[in-house]
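What follows is a short report on a single structure.
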Amino acid sequence: MAPTMKSTIEVSTRTRPLVLVVDDEPALLELVHDVVGRSAQNFRLVSAASVSEARRIIDEQPVQVALLDVCLPDGDGMSLLPQLREKQPTAQAVVITGHPTIDGAIGAIRAGVIDFLPKPFSADHLRERIDRALQRQHLAAKIDTRMLRLRSAVRRLNTSRRMVSKKVDLLCNDLVSAYGELSRQLDIVRTQESFRKLTESAKDLEQLLCHAMDWILRHAGYCNVAVWLSSEQGESELGAYMKYTIAGEKAFTEAMKEGLLPMAAREGFVHLQPDEIAAQLTEMETKYLMGQSVMAVNCTYLGETLATFVAFRDARSPFSEEDAAMLKTISPLFAVALATIVRRHHDDIDDLDGEGNNPFYDDSSDGSSPDESEERERERRKRERDRDRERNDRQAADWWKRGEPPPF
């Protein structure tokens, strides 16, 4: 048990605040030790007779309160204040002097001294000054500890704030990107639905071509448009050409088969600016398309090329990325509509005999009932109305052939 008790006493001794008395008068030091040292239960007391000895103690031990004599053999005791503040920022200093002056007091207070102890002094005065200094040091240490904790909390808070700010920025960027992507997807859906409704209203190939070119003009603006159709032999034939600034001369359209159409078939989509045309197209195409902004898209159905859209106009009004996205969006829909019309045309041919009549239907049969005859008559009148409506629609869609301005 003895070693344990000794260790406890040592720890208790080390944790008590340290009071340093710096004075070169042996009698005063002896008085301090006799009067204060014996009754001081809340602090430890050490002494130094010179500035150098005091510096060594301040370097080696944590001094909380220092009683400093002004006149020492190797200097002024107040010269210890900077070192004391550096080692222990909350340490308190009391000046011991036998010749107090107002100027000296002012200088000491400016240097950070909290009190004066004029010689001669009593034991009660000494204990009072030390107790007051210890109380102020304890309060200052407590405030300093709280400030350190507060600074640490502020640093952690700033670190968390920066982290939260980063996460919020990332989340906002993700939301902006998601919103932009959703907006683009909605634009694509709107474009698809608009074009699909248009193609569904086409009764035949001619109407489909006219409606498609009209739709492109509405969404991309005025431009020259050519629609190429693939034949059964795999060759491209011009299905429709709409002039805006450049006529569709035969030499020009035939030249497209050598450069632009094969490029669109290979790449799926082509968007050329004026500086790219001469390097990538044939000489004849360059002659007509110099200074133009050109787009071409391949329209495929089940992996087979059915058509190619070509659009071009002056590069001073170039096609935008939105125009390119629009053309890419409608190309598969146009291919589906084209395949549907071709299939419908073949089915109609298969259902008719050489004179345009259905070989499996004979409306002259004498064995039909009156109700059946009336039904056939209604169907005949309905077919006639459909043909008349189709003829009117075709005439309205042929404005570009007659050189008339577009109806929109």
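Bear in mind these aren't lab numbers, they're just calculated from the coordinates by the rules spelled out. Computed from a predicted structure; not experimentally measured. So basically every Cβ, Gly included, is an ideal-geometry build from the backbone, and we count neighbours across all protein chains shown.
Here are some notes:
- FRET efficiency for the pair residue 194 and residue 279, taken as 1/(1 + (r/R0)^6) with r the Cβ-Cβ distance and R0 = 30 Å, rounds to 0.25.
- Entries in 167/328; 203/287; 243/382; 87/142; 243/287; 166/328 that, when Cα-Cα distance is taken, lie over 26 Å: 167/328; 203/287; 243/382; 166/328
- Order of 155, 136, 313 - criterion: other Cβ atoms within 10 Å of each residue's Cβ, fewest first: 155, 136, 313
- FRET efficiency, residue 344 to residue 287 (Cβ-Cβ, R0 35 Å, nearest 0.05): 0.30
- Charge tally around residue 311: other residues with Cβ under 14 Å, Lys/Arg +1 each, Asp/Glu -1 each, net 0.
- With 0.36 nm allotted per residue and the present C-alpha distance subtracted, the residue 380-residue 76 stretch has 96.6 nm of extension available.
- Pairwise label distance in nanometres, residue 50 with residue 121, each label 7 Å out on the Cα-Cβ vector: 2.4
- Computed packing ranks the peptides 177-183, 83-89, 333-339 as 333-339, 83-89, 177-183, most packed first, by mean other Cβ atoms within 10 Å.
- Residue 132-residue 151 pseudo-label distance in nm [points 7 Å out on the Cα-to-Cβ vector]: 3.0
- Per-pair calculated FRET efficiency, R0 = 45 Å: residue 169 and residue 83 via Cβ, rounded to 0.05: 0.40
- The label-point distance for residue 238 and residue 317, in a model that sets each label 7 Å from Cα toward Cβ, rounds to 2.2 nm.
- Modelled label reach - residue 257, point 7 Å along Cα→Cβ, the range 225-244 residues with backbone N closer than 12 Å: 229-231, 233-239
- Environment charge at residue 55 (Cβ cut-off 14 Å; Lys +1, Arg +1, Asp -1, Glu -1): -3
- Prolate/oblate/rounded call for the range 230-351, Cα gyration tensor, a/c under 1.5 rounded: prolate
- Electrostatic bookkeeping for residue 245 treats Lys and Arg as +1 and Asp and Glu as -1; over the other residues with beta carbon under 11 Å from its beta carbon, the sum is +1.
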